[in-house]
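**Student:** Below is one structure. I have some questions about it.
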Amino acid sequence: MTATTFAVLLLAATTGASPSPAAASTTQAPTARPRAPLQRPAQRRAREALARTPATNPSAPSEATAPTRATEGRTPSDGSQSLAIAPQVASARALPVGGLCVDALHDQASPQTCVTASSTPTLGSLYPLGPEFNVDAAGHVGIGTTSPAHALDLVGDLRGSGRFAVGNASTIGFAGVYDAVADLSSTIQDFSSSQDWTPLRSYFWLDPTHDLTGADATWIYSHDFDVLIPSTNAQDFEYVQGPYLLAEHSGSGTVSTLGGAVITAQCDGGHVDFQQGALIDSVGSGSGTIDENYGLTVLTGHGGGSGWIGSDYSLFVARPDATRPIQDHFGIYIEDQTVATGRNYALYSDGGPVYIKGHVGIGAEPSSYALQVGNPGDGTEARANAWNVLSSREYKRDIEALDDAGYADILAKIEAVDVVHYRYKDDDHRHLGVIAEDSPTEILARDGKGVSLGDYSAFLLAGLKAQQGELIALRAELAELRERLDRAGH
């Protein structure tokens, strides 16, 4: 029996009438499929049912609850596609009194097989399509939705215990470099739809209806990328590493900016008590032992070949955006590093010069001086084997030699200044020196609070030369006096 013949028989059974001669003649038209023998059980029961017309059918479903009969080309109201075994009888409408439900449907793929239907999932039976599993007219498969928008549209949780691959360049298993468990590799060939591309995007939106403080305090982590060796594993490992982030250019073109990774913490509204762009944590715990521990290793340079690097920055700290006020800023902040039983260095350079363009404060906030050692009055000392003052002629201009009057003026000022003993307010050590407010301006620093050691030394040298001139003059007078006495016979 063909699907069309069965559809006509079913329609006649639901209306209580026999098929017309015209319909019968239509069903007897030759087809490519051989006619099934009439002794098949399901067909025999269908023919016997046509001969009797029960007065009532207590088990027939009502018009409100039974599925409606779908004809070819019609789509249910929920957007799902009707069962497509035989379009004329994909789903039966409510049976009238005296109607008929057949026990099986003719399987078009196997002429000798009948397929049963079940309203609950049953192995080997057809199941009415609904929100749990739906295929629309475009061939989109929906699981948990009757309106799939993609080839496979899943609404709900997805769980798998095996490997998976997504992308036109992905593989399962060894791909020539690494053995993949989850491969999300893609090759981008069409750049017409967007300016920016990313092969993988994952946003974690936080529900705005919950207060996650106080008793409901919750720590939110975006993503965990861990490689773990459990405590039950006693094997030795040559190399174990966390995430590897790479941006590589192997082509022959020019990339204006090539960045390995960007780690960002950004506050666009509200208030953040503590914001941290990245935390690099390299620690030991429990019974673990580490020979050498590096919190951060930065490797730059060129590996060889014909290429080159113009300027190489192993660590570059960019200037912050100060569009809005920033109260305090620390380019690099290092806490107290005195923790080791051996050497302790907050900064250690194994070689090479160190250049600092700005002002430096040691034991004090930087001041208007290039180097500030200690706070005023705390008695902080700095020492060196030599302290050189730049004095080459090539560094100076407006050079004028002192005349006799200049030397005499400096000598007079030396005679006028007092040399005193003193102690700094925060130090008990006794010093010898001058008071800036009582000293000549020639030896003072620009702010008038300190003494310029270079000017101080030159000032004393000028006074020494002035005294030397006076001494030479006195020697000349003494020699002349002796000569007169000799001539007088004394």
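The values are calculated or read from the model by the stated rules, or taken from the named source; none is laboratory data. Source: prediction; values computed, not measured. Cβ: placed from backbone, ideal geometry, glycine included. Neighbour counts: every protein chain shown. Only protein heavy atoms, including side chains, enter the accessible area calculation; ligands, DNA and RNA are left aside. Shrake-Rupley method; radii C 1.70, N 1.55, O 1.52, S 1.80 Å.
**Student:** Using a Förster distance of 45 Å, how high is the FRET efficiency between Leu461 and Gln327, based on the Cβ-Cβ distance and rounded to 0.05?
**Tutor:** Working: r = 48 Å, r/R0 = 1.07.
With a Förster radius of 45 Å, E is 0.40.
**Student:** Please go through region 145-233 and write out the chymotrypsin sites (Phe, Trp or Tyr not before Pro) that DSSP classes as loop and that have at most 12 other C-beta atoms within 10 Å. Write down the numbers at each step before the final one.
**Tutor:** On the way: sites: Phe164, Phe174, Tyr178, Phe191, Trp197, Tyr203, Phe204, Trp205, Trp219, Tyr221, Phe225; in loops: Tyr178, Phe191, Trp197, Tyr203, Phe204, Trp205, Trp219, Tyr221, Phe225.
Hits after loop and neighbour filter: Tyr178, Phe191, Trp197, Tyr203, Phe204, Trp205, Trp219, Tyr221, Phe225.
**Student:** Okay, next question. Excluding ligands, DNA and RNA, what is the solvent-accessible area per residue of region 130-241 at a probe of 1.4 Å, expressed in Å²? Walk me through the numbers before you get to the answer.
**Tutor:** Values: 9970 Å² over 112 residues.
It amounts to 89 Å² per residue over region 130-241.
**Student:** Where only protein heavy atoms count, and the probe is 1.4 Å, what is the accessible area per residue for region 274-397 in Å²? Before the final figure, lay out each step's value.
**Tutor:** Details: 12170 Å² over 124 residues.
About 98 Å² of surface per residue is accessible.
**Student:** Here's another thing I want to ask about it. May I ask for the net charge around Ile435, where only other residues with Cβ less than 12 Å from the Cβ of Ile435 are counted and Lys, Arg are +1 while Asp, Glu are -1?
**Tutor:** On the way: positive: Lys449; negative: Asp418, Glu437, Asp438.
Net charge in that neighbourhood comes out at -2.
**Student:** Using Cα positions and a limit of under 18 Å, work out the aspartates and glutamates in reach of Lys357, with same-chain residues fewer than 8 apart set aside.
**Tutor:** Cross-link targets: Glu365.
**Student:** Any idea which of Gln327, Ala346, His359 is furthest toward the positive side of the dipole for region 321-404, if Lys and Arg beta-carbons carry +1 and Asp and Glu beta-carbons -1?
**Tutor:** Value: Ala346.
**Student:** Another question, then. Residue farthest toward the positive end of the dipole of region 414-467, with Cβ of Lys/Arg at +1 and Asp/Glu at -1: which of Ile443, Val420, Leu464?
**Tutor:** Leu464
**Student:** Where the centroid of each part is defined by its Cα atoms, how far is region 194-222 from region 247-292 in Å?
**Tutor:** 18
**Student:** If I compute solvent accessible area with a 1.4 Å probe over the protein chains, what percent of it on region 269-341 is carbon and sulfur?
**Tutor:** Details: 3610 of 7330 Å².
Its accessible area is 49 percent carbon and sulfur atoms.
**Student:** For Thr116 and Leu347, compute 0.36 nm times the residue count separating them, minus their Cα-Cα distance, and round to one decimal in nm. List each step's numbers first, then the result.
**Tutor:** Working: separation 231, 0.36 × 231 = 83.16 nm, distance 8.04 nm.
Separation in residues times 0.36 nm, less the Cα-Cα distance, equals 75.1 nm.
**Student:** Could I ask something else about it? Could you list which residues have their amide H under 5 Å from that of Ala104, counting only those 5 or more apart in sequence or on another chain, with H placed in the peptide plane?
**Tutor:** HN-HN under 5 Å from Ala104: empty list.
**Student:** Excluding residues fewer than 8 places away in the same chain, name every one of the lysines whose C-alpha is closer than 17 Å to that of Lys465.
**Tutor:** Lys413
**Student:** Something else about it: Taking the Cβ of Tyr345 as the center, what net charge do the other residues with Cβ under 14 Å away carry, scoring Lys and Arg +1 and Asp and Glu -1?
**Tutor:** On the way: positive: Arg343; negative: Glu335, Asp336, Asp350.
Every neighbour counted, the sum reads -2.
**Student:** Taking the Cβ of Leu371 as the centre, find all other residues whose Cβ is under 13 Å away and add up their charges (Lys, Arg: +1; Asp, Glu: -1). All intermediate terms of the calculation are to be shown ahead of the outcome.
**Tutor:** Numbers: positive: Lys357; negative: Glu365.
Net charge in that neighbourhood comes out at 0.
**Student:** What FRET efficiency comes out for the pair Val360/Thr254, r = Cβ-Cβ distance, R0 = 41 Å, nearest 0.05?
**Tutor:** Details: r = 40 Å, r/R0 = 0.97.
Calculated value: 0.55.
**Student:** For region 345-490, what's the relative contact order in percent, using C-alpha pairs closer than 8 Å and at least 6 residues apart?
**Tutor:** Details: 121 pairs, mean separation 21.6, N = 146.
Over region 345-490, the number comes to 15 percent.
**Student:** Another one. Report the gain in length on full extension from Leu184 to Thr264: 0.36 nm times residue separation, minus Cα-Cα distance, nm rounded to one decimal.
**Tutor:** Numbers: separation 80, 0.36 × 80 = 28.80 nm, distance 2.32 nm.
Difference between extended and current length: 26.5 nm.
**Student:** Is region 360-454 best put as rounded, prolate or oblate by its Cα gyration tensor, with a ≥ b ≥ c the root eigenvalues, rounded for a/c under 1.5, and otherwise prolate when a/b is larger than b/c, oblate when not?
**Tutor:** Details: a/c = 2.32, a/b = 1.32, b/c = 1.76.
Here region 360-454 falls in the oblate category.
**Student:** Using a 7 Å offset from the Cα along the Cα-to-Cβ direction at both Ala149 and Ala382, what is the distance between the two label points in nm, to one decimal?
**Tutor:** 6.6
**Student:** Shape verdict for region 288-328, please, from the Cα gyration tensor: rounded (a/c under 1.5), prolate (a/b greater than b/c) or oblate. All intermediate terms of the calculation are to be shown ahead of the outcome.
**Tutor:** Details: a/c = 6.23, a/b = 1.21, b/c = 5.14.
Oblate, since a/c reaches 1.5 and b/c is not below a/b.
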